[in-house]
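Reviewing the structure listed below.
Just so it is clear, none of the values below were taken in a lab; they were calculated from the coordinates. Bear in mind the structure is a predicted one, so any value in this text is a computation, not a measurement. Methodologically, a virtual Cβ is constructed for each residue, glycine included, from the backbone with ideal geometry; neighbour enumeration extends over all protein chains shown.
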């Protein structure tokens, strides 16, 4: 696309009641670092990549439900995170503030909810 940065930096943004609180959760869980920290906006990234996840404070934020329920706030996206040991990764994520979802549709994937309620999946790599 014309005008695109040569750095090819890209990312996704999640809304939350408190951007910094949710960013801190993902920093602990992924081992990434905070790259930008402004009022209501925090971006985290891996040390060796060109991607980031940013978090934006939104007072109007409504937690999505999982699994999807008609008439309720739907998730707009979710993150997939590859792990080597599913049980250990789930245990660590829960100890950092995630919640294991009641509905688990696959044996080699675990759906969790971050502290703001965003679903994310931990899955076993090949």
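Table for the structure above
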| item | result |
| --- | --- |
| Along each principal axis, Cα extent of segment 1-60, largest first, Å | 35, 27, 15 |
| Segment 62-126 - percent relative contact order, Cα under 8 Å, separation 6 or more | 37 |
| Sequence of 92, 84 once ranked by neighbouring C-beta atoms within 10 Å, starting from the fewest | 84, 92 |
| C-alpha center-to-center spacing [segment 21-36, segment 72-96] in angstrom | 14 |
| Likely footprinting exposure, 53, 34, fewest C-beta neighbours within 10 Å first | 34, 53 |
| Linear extension gain, residue 81 paired with residue 108, 0.36 nm per residue minus alpha-carbon span | 8.5 nm |
| MRE, 222 nm, helices only [DSSP H, n ≥ 4, -39500 (n - 2.57), over the chain, to nearest 500] | -5500 deg cm²/dmol |
| The chain: relative contact order as a whole-number percent, Cα under 8 Å and 6+ apart | 22 |
| Stretchable slack from residue 13 to residue 94, in nm (0.36 nm times residue separation minus alpha-carbon distance) | 26.9 nm |
| Fewest-first ranking of 58, 45, using other Cβ atoms within 10 Å as the exposure measure | 58, 45 |
| The chain, Cα convex hull volume normalised per residue, Å³ | 147 |
